[in-house]
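A short write-up of the structure that comes next.
Only the coordinates and a few stated rules stand behind these numbers; no lab work does. Everything quoted here is computed from the prediction, not taken from an experiment. Quick reminder, even Gly has a Cβ in these numbers, built from the backbone with ideal geometry, and neighbours come from all protein chains shown.
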Amino acid sequence: MTDFLVRHLVRDHENVQDPAVRERYGVMSGGVGIFLNLLLSLGKFFAGVLTGSIAVTADAFNNLSDAGSSVVTLVGFKLAGQKADDGHPFGHGRIEYLAGLLVSLLILMVGVELGKTSIEKIIRPEEVAFSLVTVIILICSILVKLWMCLFNRKLGRRINSAAMEATAADSLSDVVATSAVLAGTLIGHFAQVSIDGWIGVVVAIFILRAGWGAAKDTLNPLLGTAPEPELVKAIQQLVLSHEQVVGMHDLVIHDYGPGRRMCSFHAEVPEDKDIMDAHDAIDHIEREIQEKFGIETTVHMDPIATGDSEVARLREQVAELVREIDPDMSIHDFRLTRGPQHSNLIFDVVVPHRCRLTDEEVRQRITDTVRRVVPGCYVVLQLDRSYVGTK
C-alpha cells in the first residue's frame, strides 16, 4: 500500500534528495495522517461517550492531537521545501526538525493531561458500561495505527526524515496505548474490576515515553551532532583513493536540514608534485562527494614535505608521543625550521572533543614531552578540536 501511494502521489519519488520531492512526501504523509486520525478520533469519542470510559475518551483526544501533529508535519514540510533566500542562504530545511520537535511537544502535552485525568478517575472511580461496538472500534484502531507506524517509518527511512520517524514512534505508542485500553475494557467487563483509571495511567506513560524519545531525535540535529562514523569513513576512503592525496584532516560537516549538508576538510598533497595535477584531483574529489553523498564540499589543499627523511622521522616520533597522551590525538601540517642554535617543530594537533584536558594543559603536556625526547627544539603548535566522533 505504501509503495502504491508513493508511486501515484509523489512525482519523481526516487529523487529523495530534492527538497521539492521531500515536500511531496511530507504532504502525502500529513494528508493520510489527518484523515485517518480524525476518523479514529470520532469513532473513539463516540465509544467513550457511549460507555463513559475515561480511557477510551482520552484515547480519542490522543488521536485528535495526532491529527494536529499531522497538520504540523505537513506545514513543516511545506516550509522546509522553500528555496534559499537572502536571509537564509542555506535554505529552510531545519524547519523540518522544528516540526518534529513541535509534534513531540504535542505528544508530551497529551500524555500529561491524560495522566492527570486518569489519576482523578482512580481517586473517584465511575462505572464503565461495556459495548461490543467499542471493542470493534478499538481493534480497528489498533490495526490502522499499526499500519500508520509502518507507513511513516518506511517513508521516514526512505527520505531520512526525523519528523516522520517521530510520527511513526507516536503511532506505535498509540498501538500500545489502545491495546491497553482494549485489555482494560475486556478485563473490567469479564472480571468485574474497575481499572479504567489505571489503564489511563498506563496509556499516559506510553505516550510520554514516545514523546520524549521523539523530542530527543529531533533536538539532536538542531543542536548539532557529529556525522555518522560510517559517513566519515566513506569520505576518507574516497579522498585517499586519489594518489595525489596522502592525508586529510579537519573534516567538518554542517547539517542545514535533510538533503542540505556541507562539508570542508584539508587534503594533504606532496609539496614537490605538480600543483595543477593536485588541484585537478581536489576538484574531482569535491564533485565525487557531491554526487555520491549529496554533500556540497570545499577542500583546502595543504602541501607537505614528503622527501625529507629527517622530517619524516621526527613527524612519526612526535605523532607517537602525542598518541601516548591520548590515543585519539593526531598531528598534521608538520614542519621543521632549522637554525644555528635550535630548531622549531611546527605542527597542529587534533584533540578529540571528549578530551577532559584544557587546551593549555594539552599544550603544556605535548611541549614538555616533545622537548624531553627531542632536545634542542622549540615546539610551536596549534590545537584543533575534532568535530567528528572517534568511535
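Annotations
- Residues whose placed amide H lies under 5 Å from that of Arg261, excluding near-sequence neighbours: Tyr256, Glu296
- Kirkwood-Stokes translational diffusion coefficient of the range 2-223, alpha-carbon pairs, 10 °C, 1.306 mPa s, µm²/s: 89 µm²/s
- Of the options [x] 29.0, 98; [y] 22.2, 79; [z] 20.3, 60, only one is Rg and Dmax of the Cα atoms in Å as computed from these coordinates, and that is [x].
- Helix 162-190 axis, angle to the chain major axis (alpha carbon atoms, nearest 10°): 30 degrees
- Sparsely packed loop sites in the range 87-194 (the GluC sites (Glu not before Pro) outside DSSP H, G, I, E and B with at most 12 other Cβ atoms within 10 Å) comprise Glu126, Glu127.
- Listed residue pairs exceeding 31 Å between alpha carbons, taken from Lys83/Lys292; Lys83/Lys154; Lys83/Lys145: Lys83/Lys145
- Rounded tilt (10° steps) of 229-240 against the dominant C-alpha axis of the chain: 30 degrees
- For the chain, the mean residue ellipticity at 222 nm estimated from helices alone is -22000 deg cm²/dmol, where every DSSP H run of n ≥ 4 contributes -39500 (n - 2.57) and the total is divided by all residues, rounded to the nearest 500.
- Cross-link partners of Lys116 among aspartates and glutamates, defined as those whose alpha carbon lies under 17 angstrom from its own and excluding same-chain residues fewer than eight positions apart: Asp59, Glu126, Asp196.
- Positive dipole terminus of the range 274-391, leading residue within Ser330, Met276, Gly376 (C-beta point charges): Gly376
- Cα-centre dipole for the chain with unit charges at Cβ (Lys and Arg positive, Asp and Glu negative), debye to 20: 1460 debye
- Computed E for Lys216/Tyr378 - FRET, C-beta separation, R0 35 angstrom, nearest 0.05: 0.15
- Rounded to 5, percent antiparallel among DSSP beta bridges of the chain: 40 percent
- Distance from the alpha carbon centroid of the range 11-55 to that of the range 75-128 works out to 14 angstrom.
- Positive-end residue, the chain charge dipole about Cα centroid, Cβ charges, pick of Ala191, Gly87, Phe265: Ala191
- Sparse-neighbour loop sites [trypsin sites (Lys or Arg not before Pro); the range 75-112; at most 14 other C-beta within 10 Å; DSSP]: Lys83
- Nearest 10 degrees, 0 to 90: helix 309-325 Cα axis against the chain principal axis: 40 degrees
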